[in-house]
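The values are calculated or read from the model by the stated rules, or taken from the named source; none is laboratory data. These numbers come from a predicted model, not from an experiment. Note that we place each Cβ from the backbone using ideal geometry, even for glycine, and neighbour counts take in every protein chain shown. We work out accessible area using only protein heavy atoms, side chains counted, and drop any ligands, DNA or RNA first. Shrake-Rupley method; radii C 1.70, N 1.55, O 1.52, S 1.80 Å.
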Amino acid sequence: VGNYKRTVKRIDDGHRLCNDLMNCIHERARIEKVYAQQLTEWAKRWKQLVEKGPQYGTVERAWCAFMSEAEKVSELHLEVKGSLMNEDFEKIKNWQKEAFHKQMMGGFKETKEAEDGFRKAQKPWAKKLKEVEAAKKAYHAACKEEKLAISRETNSKADPALNPEQLKKLQDKVERSKQDVLKTKEKYEKSLKELDNATPQYMENMEQVFEQCQQFEEKRLRFFREVLLEVQKHLDLSNVASYKNIYRELEQNIKTADAVEDLRWFRANQGPGMSMNWPQFEEWSADLNRTLSRREKKKASDGVTLTGINQTGDQVSQSNKHSSSLSVQSNTVQSVQSSYNPFEDEEDTGSTVSEKEDNKIKNVSSYEKNQSYPTDWSDEESNNPFSSTDANGDTNPFDEDTSPAMEVRVRALYDYEGQEQDELSFKAGDELTKMENEDEQGWCKGRLDNGQVGLYPANYVEPIQ
(Lines give C-alpha, C1' and ligand atoms only; values in the text may rest on other atoms or scores of the structure.)
Protein backbone atom coordinates (compact mmCIF):
# COMPACT_ATOMS: atom_id res chain seq x y z
CA VAL A 1 0.00 0.00 0.00
CA GLY A 2 1.36 3.41 -0.99
CA ASN A 3 4.22 2.08 -3.12
CA TYR A 4 2.52 3.49 -6.22
CA LYS A 5 3.82 6.92 -5.14
CA ARG A 6 7.18 6.14 -6.81
CA THR A 7 5.35 5.79 -10.13
CA VAL A 8 3.45 9.04 -9.54
CA LYS A 9 6.68 10.87 -8.67
CA ARG A 10 8.15 9.76 -11.99
CA ILE A 11 5.68 12.06 -13.76
CA ASP A 12 7.01 15.09 -11.87
CA ASP A 13 10.55 13.90 -12.56
CA GLY A 14 9.73 13.80 -16.30
CA HIS A 15 8.85 17.50 -16.26
CA ARG A 16 12.08 18.33 -14.40
CA LEU A 17 14.11 16.22 -16.85
CA CYS A 18 12.70 18.29 -19.73
CA ASN A 19 14.07 21.41 -18.00
CA ASP A 20 17.41 19.70 -17.44
CA LEU A 21 17.68 18.70 -21.11
CA MET A 22 16.81 22.23 -22.23
CA ASN A 23 19.46 23.69 -19.92
CA CYS A 24 21.99 21.18 -21.22
CA ILE A 25 21.31 22.14 -24.85
CA HIS A 26 21.31 25.84 -23.99
CA GLU A 27 24.76 25.62 -22.41
CA ARG A 28 26.13 23.74 -25.44
CA ALA A 29 24.65 26.38 -27.76
CA ARG A 30 26.37 29.11 -25.74
CA ILE A 31 29.68 27.25 -26.03
CA GLU A 32 29.22 26.97 -29.81
CA LYS A 33 28.57 30.71 -30.02
CA VAL A 34 31.61 31.66 -27.94
CA TYR A 35 33.81 29.28 -29.95
CA ALA A 36 32.56 30.80 -33.21
CA GLN A 37 33.28 34.33 -31.95
CA GLN A 38 36.77 33.37 -30.82
CA LEU A 39 37.51 31.75 -34.18
CA THR A 40 36.38 34.90 -35.99
CA GLU A 41 38.49 37.18 -33.78
CA TRP A 42 41.51 34.90 -34.13
CA ALA A 43 41.15 34.79 -37.91
CA LYS A 44 40.73 38.55 -38.21
CA ARG A 45 43.75 39.38 -36.06
CA TRP A 46 46.12 36.86 -37.63
CA LYS A 47 45.00 37.67 -41.15
CA GLN A 48 46.05 41.26 -40.58
CA LEU A 49 49.37 40.18 -39.06
CA VAL A 50 50.22 37.81 -41.91
CA GLU A 51 49.25 40.37 -44.57
CA LYS A 52 51.41 43.03 -42.90
CA GLY A 53 54.22 40.63 -42.05
CA PRO A 54 57.27 39.70 -44.12
CA GLN A 55 55.80 36.48 -45.58
CA TYR A 56 55.01 36.71 -49.30
CA GLY A 57 53.84 34.74 -52.30
CA THR A 58 52.15 31.35 -52.34
CA VAL A 59 53.20 30.45 -48.80
CA GLU A 60 51.46 33.61 -47.58
CA ARG A 61 48.27 32.54 -49.36
CA ALA A 62 48.59 29.04 -47.84
CA TRP A 63 49.00 30.59 -44.38
CA CYS A 64 45.98 32.85 -44.89
CA ALA A 65 43.96 29.79 -45.89
CA PHE A 66 43.92 28.81 -42.22
CA MET A 67 42.18 32.07 -41.37
CA SER A 68 39.65 31.46 -44.13
CA GLU A 69 39.08 27.98 -42.70
CA ALA A 70 38.45 29.47 -39.25
CA GLU A 71 35.92 31.96 -40.62
CA LYS A 72 34.00 29.23 -42.45
CA VAL A 73 34.08 26.88 -39.46
CA SER A 74 32.89 29.78 -37.30
CA GLU A 75 29.87 30.16 -39.57
CA LEU A 76 29.12 26.44 -39.26
CA HIS A 77 29.28 26.56 -35.47
CA LEU A 78 26.94 29.54 -35.46
CA GLU A 79 24.57 27.41 -37.53
CA VAL A 80 24.93 24.63 -34.93
CA LYS A 81 24.07 27.12 -32.20
CA GLY A 82 21.01 28.25 -34.17
CA SER A 83 19.83 24.67 -34.73
CA LEU A 84 20.20 23.78 -31.06
CA MET A 85 18.23 26.79 -29.84
CA ASN A 86 15.70 27.32 -32.62
CA GLU A 87 14.89 23.66 -33.27
CA ASP A 88 15.88 21.31 -30.44
CA PHE A 89 15.36 23.66 -27.50
CA GLU A 90 12.02 24.91 -28.79
CA LYS A 91 10.87 21.38 -29.61
CA ILE A 92 11.44 20.20 -26.03
CA LYS A 93 9.82 23.33 -24.64
CA ASN A 94 6.68 22.87 -26.75
CA TRP A 95 6.45 19.14 -26.00
CA GLN A 96 6.76 19.78 -22.28
CA LYS A 97 4.00 22.38 -22.48
CA GLU A 98 1.70 19.95 -24.29
CA ALA A 99 2.50 16.90 -22.11
CA PHE A 100 2.34 18.54 -18.66
CA HIS A 101 -0.64 20.71 -17.63
CA LYS A 102 -0.26 22.83 -14.51
CA GLN A 103 -3.14 23.16 -12.04
CA MET A 104 -4.35 26.24 -10.24
CA MET A 105 -3.53 24.71 -6.87
CA GLY A 106 -0.08 23.57 -7.93
CA GLY A 107 1.25 20.35 -9.37
CA PHE A 108 0.32 18.79 -12.70
CA LYS A 109 -2.94 17.39 -13.91
CA GLU A 110 -1.25 14.15 -15.02
CA THR A 111 0.22 13.64 -11.55
CA LYS A 112 -3.17 14.11 -9.84
CA GLU A 113 -4.91 11.76 -12.28
CA ALA A 114 -2.35 9.01 -11.62
CA GLU A 115 -2.54 9.58 -7.86
CA ASP A 116 -6.35 9.39 -7.88
CA GLY A 117 -6.35 6.32 -10.12
CA PHE A 118 -3.99 4.39 -7.89
CA ARG A 119 -5.79 5.42 -4.71
CA LYS A 120 -9.20 4.45 -6.12
CA ALA A 121 -7.91 1.05 -7.31
CA GLN A 122 -6.22 0.35 -3.98
CA LYS A 123 -8.93 1.61 -1.62
CA PRO A 124 -11.15 -1.57 -1.45
CA TRP A 125 -8.21 -3.91 -1.09
CA ALA A 126 -6.56 -1.64 1.45
CA LYS A 127 -9.79 -1.69 3.49
CA LYS A 128 -9.85 -5.50 3.52
CA LEU A 129 -6.14 -5.53 4.38
CA LYS A 130 -6.92 -3.32 7.36
CA GLU A 131 -9.62 -5.80 8.47
CA VAL A 132 -7.15 -8.68 8.16
CA GLU A 133 -4.66 -6.83 10.32
CA ALA A 134 -7.34 -6.20 12.96
CA ALA A 135 -8.47 -9.85 12.92
CA LYS A 136 -4.90 -11.02 13.22
CA LYS A 137 -4.32 -8.72 16.16
CA ALA A 138 -7.48 -9.97 17.90
CA TYR A 139 -6.58 -13.59 17.29
CA HIS A 140 -3.07 -13.15 18.64
CA ALA A 141 -4.44 -11.37 21.73
CA ALA A 142 -6.88 -14.25 22.37
CA CYS A 143 -4.09 -16.79 22.07
CA LYS A 144 -2.05 -14.83 24.56
CA GLU A 145 -4.98 -14.62 26.98
CA GLU A 146 -5.62 -18.37 26.67
CA LYS A 147 -2.04 -19.21 27.45
CA LEU A 148 -2.10 -16.94 30.49
CA ALA A 149 -5.32 -18.52 31.78
CA ILE A 150 -3.99 -22.04 31.42
CA SER A 151 -0.83 -21.03 33.26
CA ARG A 152 -2.82 -19.60 36.17
CA GLU A 153 -5.02 -22.70 36.41
CA THR A 154 -1.97 -24.97 36.47
CA ASN A 155 -0.37 -22.93 39.23
CA SER A 156 -3.55 -22.87 41.31
CA LYS A 157 -3.81 -26.67 41.43
CA ALA A 158 -0.49 -26.81 43.21
CA ASP A 159 -1.62 -24.18 45.75
CA PRO A 160 -3.45 -25.86 48.77
CA ALA A 161 -4.58 -22.53 50.15
CA LEU A 162 -6.81 -21.86 47.14
CA ASN A 163 -10.52 -22.67 47.80
CA PRO A 164 -12.62 -24.63 45.30
CA GLU A 165 -14.64 -21.57 44.28
CA GLN A 166 -11.55 -19.68 43.12
CA LEU A 167 -10.32 -22.72 41.27
CA LYS A 168 -13.69 -22.96 39.50
CA LYS A 169 -13.36 -19.35 38.31
CA LEU A 170 -9.92 -20.02 36.83
CA GLN A 171 -11.21 -23.06 35.00
CA ASP A 172 -14.10 -21.04 33.55
CA LYS A 173 -11.60 -18.40 32.45
CA VAL A 174 -9.62 -21.01 30.55
CA GLU A 175 -12.76 -22.26 28.85
CA ARG A 176 -13.78 -18.79 27.73
CA SER A 177 -10.27 -18.08 26.42
CA LYS A 178 -10.37 -21.18 24.27
CA GLN A 179 -13.70 -20.12 22.81
CA ASP A 180 -12.36 -16.63 22.06
CA VAL A 181 -9.36 -18.13 20.29
CA LEU A 182 -11.66 -20.22 18.07
CA LYS A 183 -13.86 -17.22 17.26
CA THR A 184 -10.98 -14.83 16.46
CA LYS A 185 -9.22 -17.50 14.46
CA GLU A 186 -12.32 -18.10 12.38
CA LYS A 187 -12.77 -14.39 11.81
CA TYR A 188 -9.07 -13.98 10.92
CA GLU A 189 -9.23 -16.82 8.39
CA LYS A 190 -12.43 -15.42 6.91
CA SER A 191 -10.93 -11.95 6.42
CA LEU A 192 -7.81 -13.45 4.84
CA LYS A 193 -9.99 -15.41 2.43
CA GLU A 194 -11.89 -12.27 1.47
CA LEU A 195 -8.59 -10.45 0.93
CA ASP A 196 -7.31 -13.24 -1.29
CA ASN A 197 -10.52 -13.16 -3.30
CA ALA A 198 -10.21 -9.39 -3.78
CA THR A 199 -6.52 -9.51 -4.76
CA PRO A 200 -6.98 -10.43 -8.48
CA GLN A 201 -9.36 -7.52 -9.07
CA TYR A 202 -7.09 -5.24 -7.09
CA MET A 203 -4.09 -6.27 -9.21
CA GLU A 204 -6.07 -5.72 -12.41
CA ASN A 205 -7.16 -2.23 -11.39
CA MET A 206 -3.67 -1.26 -10.24
CA GLU A 207 -2.10 -2.66 -13.41
CA GLN A 208 -4.50 -0.63 -15.51
CA VAL A 209 -3.49 2.65 -13.86
CA PHE A 210 0.17 1.62 -13.91
CA GLU A 211 0.04 0.91 -17.65
CA GLN A 212 -1.37 4.37 -18.23
CA CYS A 213 1.64 5.81 -16.38
CA GLN A 214 3.94 3.53 -18.37
CA GLN A 215 2.48 4.77 -21.65
CA PHE A 216 2.94 8.38 -20.55
CA GLU A 217 6.54 7.69 -19.59
CA GLU A 218 7.14 5.78 -22.82
CA LYS A 219 6.14 8.88 -24.81
CA ARG A 220 8.68 10.94 -22.87
CA LEU A 221 11.46 8.38 -23.28
CA ARG A 222 10.84 8.03 -27.01
CA PHE A 223 10.65 11.79 -27.38
CA PHE A 224 13.97 12.23 -25.55
CA ARG A 225 15.60 9.64 -27.80
CA GLU A 226 14.25 11.43 -30.88
CA VAL A 227 15.51 14.82 -29.66
CA LEU A 228 18.94 13.45 -28.74
CA LEU A 229 19.31 11.98 -32.24
CA GLU A 230 18.46 15.36 -33.75
CA VAL A 231 20.97 17.07 -31.46
CA GLN A 232 23.58 14.53 -32.58
CA LYS A 233 22.89 15.34 -36.23
CA HIS A 234 23.24 19.05 -35.55
CA LEU A 235 26.52 18.58 -33.68
CA ASP A 236 28.06 16.09 -36.10
CA LEU A 237 29.88 18.25 -38.65
CA SER A 238 31.66 15.23 -40.13
CA ASN A 239 28.58 14.48 -42.24
CA VAL A 240 28.17 18.07 -43.42
CA ALA A 241 29.39 18.39 -46.99
CA SER A 242 30.42 22.03 -46.58
CA TYR A 243 32.55 21.09 -43.55
CA LYS A 244 34.45 18.51 -45.58
CA ASN A 245 34.87 21.02 -48.42
CA ILE A 246 36.48 23.51 -46.02
CA TYR A 247 39.37 21.17 -45.26
CA ARG A 248 39.59 19.88 -48.81
CA GLU A 249 40.01 23.49 -49.94
CA LEU A 250 42.49 24.17 -47.11
CA GLU A 251 44.61 21.20 -48.19
CA GLN A 252 44.57 22.39 -51.81
CA ASN A 253 45.62 25.91 -50.79
CA ILE A 254 48.52 24.56 -48.75
CA LYS A 255 49.66 22.25 -51.55
CA THR A 256 49.69 25.17 -54.02
CA ALA A 257 52.46 26.80 -51.98
CA ASP A 258 55.52 26.72 -54.27
CA ALA A 259 58.93 27.70 -52.90
CA VAL A 260 60.41 28.01 -56.41
CA GLU A 261 57.62 30.34 -57.51
CA ASP A 262 58.01 32.51 -54.40
CA LEU A 263 61.78 32.76 -54.85
CA ARG A 264 61.26 33.68 -58.51
CA TRP A 265 58.82 36.40 -57.52
CA PHE A 266 61.18 37.77 -54.85
CA ARG A 267 64.06 37.83 -57.34
CA ALA A 268 61.95 39.72 -59.88
CA ASN A 269 60.53 42.23 -57.41
CA GLN A 270 63.04 42.52 -54.57
CA GLY A 271 66.27 41.14 -56.00
CA PRO A 272 68.50 41.40 -59.09
CA GLY A 273 65.49 41.17 -61.40
CA MET A 274 63.85 44.33 -60.10
CA SER A 275 63.76 47.59 -62.04
CA MET A 276 67.08 49.43 -61.70
CA ASN A 277 67.81 53.12 -61.43
CA TRP A 278 71.46 53.45 -62.24
CA PRO A 279 73.05 56.84 -61.49
CA GLN A 280 73.01 59.27 -64.42
CA PHE A 281 74.16 62.82 -64.89
CA GLU A 282 71.57 65.23 -63.51
CA GLU A 283 71.33 68.97 -63.90
CA TRP A 284 71.08 71.00 -60.71
CA SER A 285 67.57 72.01 -59.73
CA ALA A 286 66.72 74.31 -56.86
CA ASP A 287 63.28 72.74 -56.39
CA LEU A 288 64.61 69.20 -56.08
CA ASN A 289 67.51 69.89 -53.73
CA ARG A 290 65.91 72.29 -51.28
CA THR A 291 65.17 71.14 -47.71
CA LEU A 292 61.58 71.19 -46.55
CA SER A 293 60.90 73.72 -43.83
CA ARG A 294 58.77 72.89 -40.84
CA ARG A 295 55.91 74.98 -42.24
CA GLU A 296 55.91 73.05 -45.52
CA LYS A 297 55.59 69.64 -43.95
CA LYS A 298 52.31 67.95 -44.78
CA LYS A 299 49.59 68.13 -42.14
CA ALA A 300 47.48 64.98 -41.82
CA SER A 301 43.95 64.93 -40.38
CA ASP A 302 43.84 61.39 -39.02
CA GLY A 303 47.48 60.43 -39.13
CA VAL A 304 50.97 61.42 -40.18
CA THR A 305 52.09 59.97 -43.51
CA LEU A 306 55.83 60.00 -44.08
CA THR A 307 57.21 59.49 -47.55
CA GLY A 308 60.68 59.70 -48.99
CA ILE A 309 61.56 62.59 -51.32
CA ASN A 310 62.92 61.34 -54.64
CA GLN A 311 66.14 63.10 -55.52
CA THR A 312 65.79 62.45 -59.26
CA GLY A 313 62.95 63.59 -61.42
CA ASP A 314 62.70 60.45 -63.54
CA GLN A 315 63.42 57.89 -60.87
CA VAL A 316 61.76 54.55 -61.62
CA SER A 317 59.80 53.24 -58.64
CA GLN A 318 60.52 49.71 -57.64
CA SER A 319 57.79 47.17 -58.28
CA ASN A 320 56.54 46.13 -54.92
CA LYS A 321 53.57 44.22 -53.67
CA HIS A 322 52.85 46.95 -51.11
CA SER A 323 53.37 50.69 -50.85
CA SER A 324 56.78 51.97 -49.76
CA SER A 325 55.30 54.57 -47.43
CA LEU A 326 54.72 54.14 -43.73
CA SER A 327 51.40 55.40 -42.37
CA VAL A 328 50.78 55.51 -38.65
CA GLN A 329 47.43 56.51 -37.10
CA SER A 330 47.45 59.37 -34.60
CA ASN A 331 45.40 57.49 -32.03
CA THR A 332 47.84 54.61 -31.80
CA VAL A 333 48.91 54.19 -28.19
CA GLN A 334 50.54 50.78 -28.19
CA SER A 335 54.08 50.23 -29.36
CA VAL A 336 55.17 47.46 -31.67
CA GLN A 337 57.37 45.19 -29.61
CA SER A 338 59.71 43.09 -31.72
CA SER A 339 60.49 40.93 -28.71
CA TYR A 340 56.84 39.85 -28.28
CA ASN A 341 56.34 36.11 -28.68
CA PRO A 342 52.79 35.22 -29.87
CA PHE A 343 53.33 31.59 -28.85
CA GLU A 344 54.27 32.31 -25.24
CA ASP A 345 53.01 29.62 -22.88
CA GLU A 346 49.84 30.87 -21.23
CA GLU A 347 50.48 28.89 -18.07
CA ASP A 348 53.76 30.70 -17.43
CA THR A 349 51.99 34.00 -16.88
CA GLY A 350 48.98 32.63 -15.12
CA SER A 351 46.65 34.92 -17.07
CA THR A 352 43.59 33.80 -18.99
CA VAL A 353 43.30 33.84 -22.76
CA SER A 354 40.89 36.76 -22.69
CA GLU A 355 43.29 38.79 -20.53
CA LYS A 356 46.10 38.08 -22.94
CA GLU A 357 43.94 39.16 -25.87
CA ASP A 358 43.23 42.48 -24.17
CA ASN A 359 46.92 43.07 -23.52
CA LYS A 360 48.26 41.96 -26.87
CA ILE A 361 49.48 44.60 -29.26
CA LYS A 362 47.84 44.76 -32.65
CA ASN A 363 51.00 43.89 -34.55
CA VAL A 364 53.24 41.03 -33.43
CA SER A 365 56.17 41.81 -35.70
CA SER A 366 58.15 45.00 -35.82
CA TYR A 367 58.62 44.37 -39.53
CA GLU A 368 55.87 45.35 -41.94
CA LYS A 369 55.65 44.94 -45.66
CA ASN A 370 54.79 48.59 -46.18
CA GLN A 371 57.67 49.98 -44.17
CA SER A 372 59.88 52.43 -46.03
CA TYR A 373 63.55 51.71 -46.62
CA PRO A 374 66.04 54.55 -46.33
CA THR A 375 67.50 55.55 -49.67
CA ASP A 376 70.44 57.45 -48.17
CA TRP A 377 73.68 55.55 -47.81
CA SER A 378 77.23 56.25 -46.73
CA ASP A 379 80.50 54.41 -46.70
CA GLU A 380 81.54 56.30 -43.57
CA GLU A 381 81.24 54.79 -40.08
CA SER A 382 79.00 57.61 -38.92
CA ASN A 383 76.59 59.69 -40.94
CA ASN A 384 75.35 62.56 -38.83
CA PRO A 385 73.30 65.02 -40.87
CA PHE A 386 73.67 67.54 -38.09
CA SER A 387 77.44 67.71 -37.94
CA SER A 388 79.15 71.08 -38.04
CA THR A 389 79.21 71.07 -41.84
CA ASP A 390 76.45 69.25 -43.80
CA ALA A 391 76.30 68.29 -47.46
CA ASN A 392 75.33 71.80 -48.52
CA GLY A 393 77.89 73.51 -46.34
CA ASP A 394 75.19 74.96 -44.08
CA THR A 395 75.50 75.10 -40.34
CA ASN A 396 73.25 73.16 -37.95
CA PRO A 397 69.93 75.06 -37.75
CA PHE A 398 69.41 73.81 -34.19
CA ASP A 399 72.53 75.23 -32.59
CA GLU A 400 70.62 78.01 -30.87
CA ASP A 401 70.17 77.89 -27.12
CA THR A 402 67.07 76.21 -25.74
CA SER A 403 65.55 76.98 -22.39
CA PRO A 404 66.03 74.05 -19.99
CA ALA A 405 62.57 74.70 -18.62
CA MET A 406 61.05 73.48 -21.91
CA GLU A 407 62.95 70.20 -22.00
CA VAL A 408 60.98 66.99 -21.30
CA ARG A 409 62.24 63.42 -21.46
CA VAL A 410 60.20 61.23 -23.85
CA ARG A 411 60.36 57.62 -25.09
CA ALA A 412 59.92 56.52 -28.70
CA LEU A 413 56.83 54.38 -29.38
CA TYR A 414 57.87 53.35 -32.91
CA ASP A 415 60.91 53.17 -35.16
CA TYR A 416 61.40 56.34 -37.20
CA GLU A 417 63.86 56.95 -40.00
CA GLY A 418 64.49 60.62 -40.70
CA GLN A 419 63.48 61.57 -44.27
CA GLU A 420 65.22 64.96 -44.26
CA GLN A 421 68.46 66.32 -42.88
CA ASP A 422 66.65 68.25 -40.14
CA GLU A 423 64.86 65.13 -38.85
CA LEU A 424 65.95 62.67 -36.17
CA SER A 425 66.15 58.89 -36.53
CA PHE A 426 65.46 56.55 -33.61
CA LYS A 427 64.21 53.10 -32.65
CA ALA A 428 61.19 52.11 -30.56
CA GLY A 429 62.16 52.35 -26.89
CA ASP A 430 64.91 54.98 -27.38
CA GLU A 431 64.79 57.96 -25.02
CA LEU A 432 65.34 61.58 -26.10
CA THR A 433 64.70 65.10 -24.88
CA LYS A 434 61.81 67.18 -26.23
CA MET A 435 63.03 70.76 -26.59
CA GLU A 436 59.95 72.42 -28.07
CA ASN A 437 56.27 71.58 -27.97
CA GLU A 438 54.31 70.27 -30.96
CA ASP A 439 53.66 72.80 -33.72
CA GLU A 440 50.49 73.04 -35.82
CA GLN A 441 51.86 70.53 -38.33
CA GLY A 442 52.37 67.89 -35.60
CA TRP A 443 56.19 68.11 -35.31
CA CYS A 444 58.37 68.50 -32.24
CA LYS A 445 61.97 69.56 -31.83
CA GLY A 446 64.17 67.23 -29.79
CA ARG A 447 67.68 66.14 -28.93
CA LEU A 448 69.08 62.61 -28.86
CA ASP A 449 71.42 61.49 -26.10
CA ASN A 450 74.34 61.75 -28.55
CA GLY A 451 73.65 65.48 -28.89
CA GLN A 452 71.98 65.35 -32.30
CA VAL A 453 69.12 67.87 -32.60
CA GLY A 454 66.25 67.69 -35.07
CA LEU A 455 62.54 67.27 -35.76
CA TYR A 456 60.35 64.21 -35.19
CA PRO A 457 56.61 63.40 -35.37
CA ALA A 458 54.92 64.27 -32.07
CA ASN A 459 52.74 61.15 -32.01
CA TYR A 460 55.79 58.85 -32.27
CA VAL A 461 56.76 59.40 -28.62
CA GLU A 462 55.20 59.45 -25.16
CA PRO A 463 56.35 61.30 -22.01
CA ILE A 464 58.37 59.27 -19.51
CA GLN A 465 56.41 59.04 -16.26
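For the reader, a short list of remarks on this structure follows.
- Here Lys136 is the anchor, and the lysines within straight C-alpha reach of less than 18 Å, apart from those fewer than 8 places off in the same chain, are Lys127, Lys128, Lys144, Lys147, Lys178, Lys183, Lys185, Lys187, Lys190, Lys193.
- Each label point was placed 7 Å from the Cα along the Cα-to-Cβ direction; for Glu251 and Arg30 their separation is 3.8 nm.
- Out-of-range pairs (alpha-carbon distance over 22 Å; input Lys9/Lys109; Lys93/Lys244; Lys93/Lys233; Lys9/Lys120; Lys72/Lys93; Lys123/Lys219): Lys93/Lys244; Lys72/Lys93; Lys123/Lys219
- Only Lys, Arg (+1) and Asp, Glu (-1) charged, at Cβ; the range 212-270 dipole about Cα centre in debye: 100
- Centre separation in Å (Cα based) which lies between the range 209-250 and the range 427-465: 66
- Lys168-Asn19 FRET efficiency (beta carbon distance; Förster radius 56 Å; 0.05 resolution): 0.10
- Computed FRET value (nearest 0.05) for Gln208 with Leu148, which takes r as the C-beta separation and R₀ as 41 Å: 0.25
- Calculated accessible area for the range 53-156 comes out at 61 Å² per residue, all protein chains present (probe 1.4 Å; ligands, DNA, RNA ignored).
- Rounded, prolate or oblate (a/c below 1.5 giving rounded, otherwise prolate when a/b exceeds b/c) for the range 408-463 by Cα gyration tensor: rounded
- Stretchable slack from Lys157 to Ala141, in nm (0.36 nm times residue separation minus alpha-carbon distance): 3.3 nm
- Arg30 accessible area, 1.4 Å probe, all protein chains in place, Å² to nearest 10: 120
- Looking at the range 162-208, none of the GluC sites (Glu not before Pro) sits in a DSSP loop with at most 12 other Cβ atoms within 10 Å of its own Cβ.
- Efficiency of FRET from Cβ geometry, Glu98 and Lys9, R₀ 25 Å, rounded to 0.05: 0.75
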